[in-house]
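Quick notes on the structure that follows.
The values are calculated or read from the model by the stated rules, or taken from the named source; none is laboratory data. Worth saying up front: this structure is predicted, and the values here are computed from it rather than measured. Here the Cβ positions follow ideal geometry from the backbone for every residue, glycine too, while neighbour counts run over all protein chains shown.
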Amino acid sequence: MVLFSLPTFCQINTLPAKIELKSSVDRSAVPLNQEVTFTIQVSWEGEQSRFMITPVTPPQCENLEISGSSSLNESTMEEGKTKSLKTFQFVLKPMQTGTGRIGPVQVNYIDNVIQDSSSFSTQPVSVQITPAIKDSQSGYKIVLVIAIISILIYVIYSSRRKVRKIAIPREQGLEQEEQQPETPEEKVIKNLNEISEQLQQGRSDDFSRDIYRLLTGYLEAKYQIVTSGKTTNDIISSLSNLDLSPEKVTRLKEILSTCDLIKFAKEGLEKGRYEQMVEQVRKFLEQKG
């Protein structure tokens with residue numbers, strides 16, 4: 001998955017068959033060295049099997065280059081009725097400053113109930129491309145390196161002045177164990193277990209926010225990257241220089257993007273879907289590379 005942010009431009013079309021099309025971009029202006037996400041969402045009342053939505057063709061763009069795409073199927077409950085959603089997203093990279101244009105995208109569908117087929121299209125979208133902004137991450141890394149070196153010097157100096165093991169009476173036959181600090185993974189697992197317990201008690205209002213904060217905090221502690229004020233796409237881009245497997249990065253991207261969808265659509269998921277996301281986080285932490 002990729003990032004879904006609060007739309008700055010949104011078009012909505014509704015057809016007689018009660019199928020609705022929304023299109024949006026996550027920002028109306030984007031710096032030259034960042035990316036913008038174009039989202040298309042098709043929704044209807046009923047099960048996923050009611051309509052078959054064919055894969056959409058990538059939009060024709062001016063001054064923008066497609067660097068990634070994804071799709072997601074979701075089902076939610078609203079006032080006792082099932083609502084189905086299919087979301088397509090395109091990540092666009094600016095080519096030069098000025099105006100970027102996203103052409104219309106045609107969405108084709110088949111109504112499996114009345115055996116009818118039709119299509120509808122999104123409206124063209126314009127995005128302003130501003131000059132590149134300086135990434136503050138380099139300065140952050142320098143400060144972080146200095147802090148780590150200072151801590152290491154302090155630890156080495158302190159370790160030479162104290163005894164590592166505490167003597168205890170021989171008759172007890174025990175050795176005092178040195179307490180090891182929790183790893184970033186252990187801290188996340190502990191908090192994840194608390195979130196899972198809240199789900200079992202039926203509390204899921206803050207689920208997407210808690211999972212998102214849990215993972216971004218883990219990334220900062222584990223890989224020393226800045227996540228505050230960044231979109232999901234920016235966070236994933238920050239991981240490009242690290243020795244992480246594509247599978248692990250893809251899993252992380254899917255989790256954070258699903259959190260974004262829940263947050264901005266302001267619609268909950270079924271309990272089983274929440275539990276699946278918890279397991280996805282566990283697999284991400286256990287995955288090697």
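Below, the figures for the structure above:
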item: Search result, residues across the stretch 44-64 that are within 16 Å of N112 (Cβ to Cβ) and assigned to a strand (DSSP E or B); result: W44, E45, F51, M52, I53
item: Qualifying residues in the stretch 266-289 (those that are in contact (Cβ under 8 Å) with a residue 40 or more places away in the chain and of a type in the set (G, A, S)) - the one nearest to S71 (Cα to Cα); result: G268
item: When residues of the stretch 123-141 are limited to those that are surrounded by 10 or more Cβ atoms within 10 Å (Cβ to Cβ) and at pLDDT below 85, the one nearest to E35 (Cα to Cα); result: D135
item: Wholly enclosed strands (runs of 3 or more DSSP E) of the stretch 2-41 bearing at least 2 residues modelled with pLDDT of 90 or more; result: 19-25, 29-31
item: Test: residue in the stretch 74-95 that is on the phi > 0 side of the Ramachandran plot and part of a strand (DSSP E or B); result: no
item: Qualifying positions in the stretch 254-288 - on the phi < 0 side of the Ramachandran plot and assigned to a loop (DSSP other than H, G, I, E, B); result: E267, G268, L269, E270, Q287, K288
item: Meets criteria (touching a Gly at 6+ places or on another chain (Cβ under 9 Å) and farther than 18 Å from V30 by Cβ) for V113; result: yes
item: Residue in the stretch 112-134 that is part of a loop (DSSP other than H, G, I, E, B) and acidic (D, E) present; result: no
item: Meets criteria (of a type in the set (G, A, S), loosely packed, with under 12 Cβ neighbours inside 10 Å and outside any helix (DSSP H, G or I)) for S228; result: yes
